[in-house]
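**Q** Just passing along the structure, written as structure tokens.
Derivation of every value follows stated rules applied to the coordinates shown; laboratory data play no part. The model shown is predicted, which means the values in this text are computed figures rather than measured ones. Cβ placement follows ideal geometry from the backbone for every residue including glycine, while neighbour counts extend to all protein chains displayed.
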Amino acid sequence: MNRRMSTRLVWAVLAGAAADLAGLGLIAAAAWLITRAAEQPPLAALSVAIVATRAFATGKGVFRYAERLTGHDVALRAQAGTRERLYEALIPPQRPRHGGADLLSRMVDDTEAVQDLLVRCLLPAAAAAMAGLAAVVIGLTIMPVAALVLVAGLVVAGVALPAGTAAAARRWSARIAPARAALASRVADLVHGSADLAAYGADDEALAKALAADEALAALERRQARVHAAALAGGTLVQGLTVAAVVLLAQGAGASSVGTAVLALTSLVAFEPVLPLAAAGERMAGITAALRRLRDVRSAAPATAEPTAPAPRPEAPLTIEIDDLVVRHATPARPAPDARPALDGRPALDGRPALDGVSLRLTPGKRVAVVGPSGAGKSTLLAALMRLIDPESGTITVNGAPLANLAGDDVRTLMTGLTQDPYIFRASLRDNLRLAGPDAGAEALRRAVRDARLDGWVERTGWDAELGEDGRTVSGGQLQRLALARALLYDPPVLLLDEPAEALDEETADRLMADLLDVTRDRTTLLVTHRLKGLEGIDEIVVLEEGRVIQRGRHDELVAVPGYYRDLWESEVLTRR
């Protein structure tokens, strides 16, 4: 927290304490005024109390408004800062082992814990401590014994009860966040996969699982509610017993009616800022778990190490050489027998080499296609080129300089392209394109759209047509062509294409691949694909299987000899008939 926010936090604490003290003063002055007025003294004897009552009433409202304004400003700024640091932790090469709905839960629910920490815990606790201290001072002035009883009651309500609720809630809070993430995952499946679920007749089963997840979360939250209700009842009971004890002590000691009234009402009001601390203790358990989950994301070890002294970015044209590359995914630690499965559903990796001795040379203007079965290491090769993972051995050089000596941002500037799942934001077509070129002019946008064969669509919809979030308003082919237009607008020295025709129907995929191969002519391109149609014009085809290069050459050379490529080509030809 920077100095400016620390200053704002101090002002928020002081304003909250002043509001509670004004409320305490209001009750004390009003109690004195009412009981003293019953004795019918001269009006002049009541004038100070009358003015004080009005001043305290006005001051309470003003200070409470200032506390809310300043406190929420600090809390929202702290929450925004936490989200910003979380975003930074998600940027490659920082790749936390979380994803999907679990990450969404951390991004939304867990970051709100920072706001609650300030608004519901720290600020109320500080204000309650100051108000309680002032009430005890008033009690000591009138009757020291009564002040000791008040101290005991405040300690029970303000310390013991919050500690008890925190302990009781801690065992539930560690289960509520995963349950909430599980429900978010089920809901996301229902929303984004509704068409697929309906097509396979699995919508009823998916809905039943979502309802079960909702009921599990509701059951946990009901238990938390019971803890909260019990704490509130306990605090109210302590408040009543303390006030009764103070009144009995005052009457037994022969205190005046004015002193007794002031002691009773002051003790009663002193508990008002203290009682919410029981709920704060309960919330603190959830906040602690949420902050721990956020820390797990931010402290996740980076998949690649940034060089301490990055080398200068190489100038285009680029020659990329991969020599005897070995990449092995680390085997995660074996979980405990009672451990819960990972929320993102990813299978554990077995530690075998994803790439085993791969060599490849990509010269300026050369187009290379990498093909092979699923799990052959094709996407891992792209990840190694983008420095999203570090190799175990072997080298990757760019114009003779080791890739590992380049900053991650420089690598992604030199090599980028089209992925299997491009993202579309809820914004206009023009703005979605300009993500790849914020300063691109109208002519550059038109050229990128024309090269990606999107000009007809743009003419029908217009540049300002709003696209739905996550590409819900565009077809699969339009989505991939929009991603291709982004890549062309960015115009990197090396274009990396990862299964661009994945999940498209046969006809759409054929048209996209034909246009893509046409527009990448004379561009340095590395294409990962499982489709062989159109690869006749590719300069070199590399066939991977189990992380090893088993064949390489041009299309006509590979189909002329027995092997995986010819078998795949013949199978593809048969399925198209």
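**Q** Suppose R0 equals 30 Å. What FRET efficiency, 1/(1 + (r/R0)^6) with r the Cβ-Cβ distance, do Ile50 and Val137 give to the nearest 0.05?
**A** My answer for the efficiency is 0.80.
**Q** Could you line up Thr266, Thr508, Thr308 from fewest to most neighbouring Cβ atoms inside 10 Å?
**A** If I rank by nearby Cβ atoms, fewest first, I get Thr308, Thr508, Thr266.
**Q** Would you kindly work out the equivalent ellipsoid of the range 132-250 from its C-alpha gyration tensor and give its semi-axes, the square roots of five times the eigenvalues, largest first in whole Å?
**A** Over the Cα atoms of the range 132-250, the semi-axes work out to 52, 11, 10 Å.
**Q** Continuing with this model, one more query. Which FRET efficiency, nearest 0.05, do Asp409 and Ala57 yield, Cβ-Cβ r, R0 60 Å?
**A** 0.55
**Q** Could you tell me the relative contact order of the range 158-250? Use alpha-carbon pairs under 8 Å, at least six residues apart, and round to a whole percent.
**A** 41 percent.
**Q** Something else now. Starting at 0 and stepping by 10 Å, how many percent of the alpha carbon pairs of the range 3-298 end up in each bin?
**A** 6, 21, 25, 20, 13, 8, 4, 1, 0
**Q** Ranking request for peptides 74-84, 430-440, 366-376: highest mean number of other beta-carbon atoms within 10 Å first, then the rest in descending order.
**A** The most tightly packed comes first, giving 366-376, 74-84, 430-440.
**Q** Oh, and also: Excluding same-chain residues fewer than 8 positions from Lys378, which lysines have a Cα within less than 28 Å of its Cα?
**A** Partners found: Lys366, Lys533.
**Q** Just add up the charged neighbours of Thr395: K/R +1, D/E -1, any other residue whose Cβ is under 11 Å from the Cβ of Thr395.
**A** Local charge sum for Thr395: -3.
**Q** What is the angle, in °, between the Cα long axis of helix 506-519 and the longest principal axis of the Cα atoms in the chain? Nearest 10 is fine, range 0 to 90.
**A** Approximately 80 degrees, to the nearest ten.
**Q** Counting other beta carbons within 10 Å of each Cβ, put Met5, Met284, Met143 in order, fewest first.
**A** Met5, Met143, Met284
**Q** Oh, and also: Among 482-488, 558-564, how do they line up by average Cβ neighbours within 10 Å per residue, starting with the highest?
**A** 482-488, 558-564
**Q** For the range 408-560, report the % of Cα-Cα distances exceeding 18 Å.
**A** Considering the range 408-560, 59 percent of its Cα-Cα pairs are separated by more than 18 Å.
**Q** Please report, in debye to the nearest 20, how large the charge dipole of the chain is about its Cα centre when each Lys and Arg carries +1 at its beta carbon and each Asp and Glu carries -1 there.
**A** The dipole of the chain has a size of about 2360 debye.
**Q** Considering only the other residues whose Cβ falls under 12 Å of the Cβ of Ala216, what net charge follows from Lys and Arg at +1 and Asp and Glu at -1?
**A** Counting the neighbours of Ala216, the net charge comes to +3.
**Q** Right, something else. Beyond 38 Å, what percent of the Cα pairs of the chain remain?
**A** Taking all Cα-Cα pairs of the chain, the fraction more than 38 Å apart is 51 percent.
**Q** Based on the mean of other Cβ atoms within 10 Å per residue, sort peptides 377-389, 285-297 so the most packed one is first.
**A** Put in order of decreasing packing, that is 377-389, 285-297.
**Q** Given the options Ala30, Ser6, Ala233, identify the residue whose Cα lies farthest towards the positive end of the charge dipole of the chain (+1 on Cβ of Lys, Arg; -1 on Cβ of Asp, Glu).
**A** Ala30
**Q** Another question about this same structure. Within a Cβ distance under 11 Å of Val543, other residues only, what is the Lys/Arg minus Asp/Glu net charge?
**A** +1
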